[in-house]
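Here is the structure we will look at, set down as C-alpha cells.
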Amino acid sequence: MSVPVIAAEKITVKTARISEVAIYPERSAPATVVSLNESVISARIAARVDVLSVRVGDIVEKGGDLATLDCADYELAYRESVARREALQTRRDFAQRRVERTRQLIAKQSIAEEILDERESDYAVLGSELKGIQAEIKMKNLDQSRCTVTSPFRALVIERASAVGEFVSVGTALVKIMDIDNTEISAQVLSRDATQLNQASKLYFEHNGVRYPVELRSILGAIDAETRNRESRLIFTDTHALPGATGKLVWRDKRAHIPGDLLVRRHGELGVFTVEKNIARFNSIPGAQAGRANATALADDVRVVTEGHYSLTESAPVDIVN
C-alpha cells in the first residue's frame, strides 16, 4: 500500500531585481583645505624697515609690494663701485696704450723685451681687477633690488612679523603669507574605503552645507600608524573653498548595496533570499551588519525576495505574486 506524499505548502512572496532595490550609499571622511604655499617672507639684506605695505587680511597680487627697506647705504655702495670701475677702466686703457707703444719700440730695438713683459703683466692684472669690480657691481645692484620685498604669488597676508622703523638683518621675518590660488583638500580616509574612493566617479568637498566638486589627485601609499587612516589629496575642479576650511569629503559607493530590511539570519549568517524556478535560495553576505545596507556581489538582474522573506528557509517552494 503506497503512502501519500503531502506537497510542501508554498510561501507567498514578492520579488524585485537587485537593480530595483539596490542603494548606493554615500561615504564621507573628514577633510581640510590646505594651501600649498604658506611662506614667511624674510629680509635678504640688513636694513631699516621704511614701509610695510600690507596689513593682515590683505590680498596681494603676485609681484605686489609687501615691504620697502631703507636702501641709502646700498645705493652709495653701488655708486662707489661704479666710480672704482670707471677709474680702473681708465688705468687699464692707459696700460693697453703703454703695451702697444712698447711693442713699437721693441720693433725698433729701442727698449728691452723685459719691459714689455712687465707692462703686459700690469695690463692683465688690471683686466682681472676690472672683472672683479664688475661682479661686485652686479651684486650691489642685486642688493638694491632686494630693498623692495614683493610677493612670489597671489597671497593672503596672515601676519606682520616686523614693524616700520625696525632694523632687520638677513633672514628676519617681515610678513607671513598664504597662497590662495594653489590649494588642495587633505582627507583622512579609512583604509578599507580607499579602494572605493579611488573608483568613485563623483567626489565633493562639503563645507557649511555647500558642496564643491573635486577630483582625486593621490592616495598616499602608507597607513598612519596612529589613526589607521590613509591621507588622500584632492583638487578643486570648479569654485574653491577658502584655505583652512574644514568639512568632509563625500563620495557615492559604486557597489550595489542590499537594504538592511531585506536581510535575514539563517544558521548564524546574514543574507538575502533569491528565487530560482520558484525555489528559495539563501545567499549569505560575508561581514554583513544587521540593520544596515550591505554590499552584494549578486548580479543586477537577480531577483531578491522583498516580502515574505522572514518565513523562508533554504529550498522552500514559493509562489511569486508580484
Taking the stretch 248-322, which GluC sites (Glu not before Pro) meet the DSSP loop condition and have no more than 14 other C-beta atoms within 10 Å?
Glu314
Given labels modelled 7 Å from the Cα in the Cβ direction, how far is it in nm from Arg48 to Leu105?
5.5
With Cα atoms, 0 to 90° folded angle of helix 113-145 axis to the chain main axis:
40
Note to self: C-alpha centroids of the stretch 147-204 and the stretch 80-129 sit apart, in Å, by 58
Considering the chain as a Gaussian network with a 10 Å cut-off on Cα pairs, which listed residue, Ala43, Ala280, Ala112, attains the greatest mean-square fluctuation?
Ala112
Tilt relative to the chain, helix 72-107 - C-alpha long axis, 0 to 90 degrees, to 10
50
Round to the nearest 0.05 the FRET efficiency obtained for Asp301 and Glu231 when R0 = 30 Å and r is the Cβ-Cβ distance.
0.15
GNM result for the chain, Cα springs below 10 Å: residue of Gly260, Gly132, Gly247 fluctuating most strongly
Gly132
Using 0.36 nm per residue of separation minus the Cα-Cα distance, give me the extension gain between Asp224 and Glu20 in nm, one decimal.
69.5 nm
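Pairs of lysines 8 or more apart, or on different chains, with alpha carbons under 18 Å: count those in the chain, would you?
Details: Lys10/Lys277; Lys14/Lys277; Lys62/Lys176; Lys131/Lys140; Lys202/Lys248; Lys202/Lys254.
Pairs that pass both the separation and distance tests number 6.
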Once you keep just the Cα pairs under 8 angstrom separated by 6 or more residues, what percentage relative contact order results for the chain?
30
Taking a quarter of the surface of the convex hull around the Cα atoms of the stretch 181-240, what do you get in nm²?
4.7
Candidates [x] 40.5, 156; [y] 23.9, 101; [z] 20.1, 62; which is the computed Rg and Dmax of the Cα atoms in Å?
[x]
Out of Asp179, Asp143, Asp301, a Gaussian network model of the chain with alpha-carbon springs under 10 Å gives the largest mean-square fluctuation to Asp301
What share of the DSSP beta bridges in the chain is antiparallel, in percent to the nearest 5?
95
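Laboratory data are not the source of any read-out in this text; all were calculated from the coordinates shown. Worth saying up front: this structure is predicted, and the values here are computed from it rather than measured. Don't worry about glycine lacking a Cβ; one is built from the backbone with ideal geometry, like all the others, and counts go over all protein chains shown.
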